[in-house]
């Protein structure tokens, strides 16, 4: 357990890091939404910065140990104790062998 990095412990789905991602392709769509709905969605103690959501499509053709895959998801800019960050509301991956 002391060296665990992924599940299941006896047969992790990917190798230990460090990881290298190259030749990535991005499409990020930023849109405004209802500020109250965002506040209802984002868990405390995170704070919504602006009523914005980013829907990201990322093509990962060459990544260490993860294979060739594409991901997409909704990411919300947030802050925590004055530090800026991102809250990933949902993420979808296409990583079939």
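The values are calculated or read from the model by the stated rules, or taken from the named source; none is laboratory data. Computed from a prediction, not measured in an experiment: that's the story for all the values here. Cβ placement follows ideal geometry from the backbone for every residue including glycine, while neighbour counts extend to all protein chains displayed.
In the stretch 1-16, the residues that are in contact (Cβ under 8 Å) with a residue 24 or more places away in the chain reach residues that are assigned to a loop (DSSP other than H, G, I, E, B) and surrounded by 11 or more Cβ atoms within 10 Å (Cβ to Cβ) with C-beta atoms within less than 7 angstrom, at least six apart or across chains, in these pairs: 14/6; 14/65; 14/66; 15/65. Of everything listed in (1) without any contact (Cβ under 8 Å) to a residue 24 or more places away in the chain; (2) outside any loop (DSSP other than H, G, I, E, B); (3) surrounded by 12 or more Cβ atoms within 10 Å (Cβ to Cβ), the single unmet condition for residue 70 is (1).
Here residue 75 meets the list (1) in contact (Cβ under 8 Å) with a residue 24 or more places away in the chain; (2) in a strand (DSSP E or B) almost entirely, failing just condition (1).
Taking the criterion of being at pLDDT 95 or above and part of a loop (DSSP other than H, G, I, E, B), the residues of the stretch 7-43 that qualify are 33, 34, 42, 43. Within the stretch 85-96, residues that are touching a residue at least 24 places away in the same chain (Cβ under 8 Å) sit with their Cβ atoms under 7 Å from residues that are part of a loop (DSSP other than H, G, I, E, B), at 6+ positions apart or across chains, in these pairs: 87/42; 87/46; 95/66; 95/67.
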